[in-house]
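The values are calculated or read from the model by the stated rules, or taken from the named source; none is laboratory data. Only a predicted model underlies this, so the values are computations on that prediction, with no experimental measurement involved. A quick note on method: Cβ atoms are made from the backbone with ideal geometry, for glycine too, and the neighbour counts reach across all protein chains shown. SASA here: full protein model, heavy atoms, side chains in, ligands and nucleic acids out. Shrake-Rupley method; radii C 1.70, N 1.55, O 1.52, S 1.80 Å.
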Amino acid sequence: MGLFGRRKARAEAAALTSALVLDRCWDDIALDFGVDAVREGHRKAALALLRECRDDHELRTQRVRALAEAASGQTAEIKELVTEDSGPAEAADVLLWLGSTLIAEAWQIRGGGWARTVGDDRFTLFRSRLREARDPLMAAARLAPADATPWVELQRYARGMRLDRAQRDMVWVEAMQRCPTSYPAHAGRLQTLAAKWGGSHDDMFGFARDTVAKSPPGSPLVAMLPTAHAEYLLKEGDRFVAEGSAWSYVRLNARYFGPTVRGELIEADDKSRGTRAGSYAMEIHNLFGWAMLESGEDTRARWHLAQVGNRPSTLPWAYNGEHAFARALVRLGLTGEQG
């Protein structure tokens, strides 16, 4: 593509971005309405949504996180929803939402940058708010002992608090005992093992590849592999930037998806087909769409991203520069299917 062709593609991608629905990577109309209602202060809408999915762990986790982001700044009001008349199930819903909202508020305080870019004052506020999430989440776990969701949320707490490996492992085990096929628990475990959170590339890839090997055809858990590759590229790319090695950064991104990486991603993609992904289907299509596009497998990428429509996931697109998802749609000729 020539200079003017690249300029046109960039302009088209920038224009397309305005039609995207950001931070709502789900196919759940009720949740769309619930998020809007909570932002307007109608908190009982959230409790109705959580009541509906007490027996559907993955939907419950997706909903509580979305509703937590929407409720940022409303934690005092959420606490008041637990009354003397609340039964155990109702109280568990409120406490789960409260804990998740405190986590969301903590991460908003911290920001999304690397630890070295976060000042001491902001880190202190982040840890202080995050610390408040533990008690309501543990209380929710006691009130709903079969629910894996509080333990999945506690993974985020443990990671942010930099708890030691034994404590992080314990939270993971508790989640697995309740829902061994939990997609959000596996995604949280991969983050725990990633180098940016004190793990290592070897641990992260070992977990991702072992998960793919053990998963049956159609399992959404095979998406751990493209997630691991996205995390590796982010971490190594940042290291090269920090070292001032522009050439190493360019070479990493230009040569990374060689035959070996491409081959294992295609194998995982084949295993994902017919996926029973449920609530996280869009996220998984985003991950494989990105991986197939980067691997030069445009037909596969086009199929995945056509399932996504105009709802990109934060990961991996936020790792790939401005308008990354829109640029992918332009490259694949999917611009007419958005909006």
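Looking at the square roots a ≥ b ≥ c of the eigenvalues of the Cα gyration tensor of the range 199-339, which shape do they give, rounded for a/c under 1.5, prolate if a/b is larger than b/c, or oblate?
Verdict is oblate for the range 199-339.
Cα centroids of the range 32-47 and the range 174-236: 32 Å apart. A simple rule links phi to the HN-Hα coupling: the Karplus curve 6.51 cos²θ - 1.76 cosθ + 1.60 with θ = phi - 60°, which for the range 15-24 gives 5, 5, 4, 5, 8, 7, 9, 8, 6, 9 Hz, with x for Gly and Pro.
Tell me the relative contact order for the chain as a rounded percent, counting alpha carbon contacts under 8 Å between residues six or more apart.
Working: 432 pairs, mean separation 64.4, N = 339.
Computed value for the chain: 19 percent relative contact order.
Per-residue 3J(HN,Hα) values for the range 187-200, derived from phi via the Karplus relation 6.51 cos²θ - 1.76 cosθ + 1.60 with θ = phi - 60°, read 4, x, 5, 4, 5, 4, 7, 5, 4, 5, 10, x, x, 8 Hz in sequence order (x marks Gly and Pro).
Model label sites at F123 and R51, defined 7 Å from Cα along the beta-carbon direction, differ in position by 4.4 nm.
Ligands, DNA and RNA are left out, and with a 1.4 angstrom probe the accessible area of the chain is 47 Å² per residue. A simple rule links phi to the HN-Hα coupling: the Karplus curve 6.51 cos²θ - 1.76 cosθ + 1.60 with θ = phi - 60°, which for the range 64-80 gives 5, 5, 5, 5, 5, 4, 5, 8, 3, x, 10, 5, 4, 6, 5, 4, 6 Hz, with x for Gly and Pro. Note on T335 and R273: with the Förster distance fixed at 30 Å, the Cβ-Cβ geometry gives a FRET efficiency of about 0.75. From the square roots a ≥ b ≥ c of the eigenvalues of the alpha-carbon gyration tensor of the range 115-273, which class results: rounded (a/c under 1.5), prolate (a/b over b/c), or oblate? The shape class here is oblate. Listed by chain and number, the lysines placed with their C-alpha closer than 22 angstrom to that of K196 are K235; residues fewer than eight positions away on the same chain are left out. Among all the lysines, which ones have a C-alpha under 20 Å from K214's C-alpha, if same-chain residues fewer than 8 places away are not counted? Straight-distance partners of K214: K271.
Sites listed here are trypsin sites (Lys or Arg not before Pro) in the range 256-294 whose DSSP assignment is loop and whose Cβ has at most 15 other Cβ atoms within 10 Å: R273, R276.
Atom-type composition of the exposed protein surface of the chain places 52 percent of the accessible area on carbon and sulfur (1.4 angstrom probe).
Protein-only accessible surface at a 1.4 angstrom probe places the residues Y249, Y157 in the order Y249, Y157, largest first.
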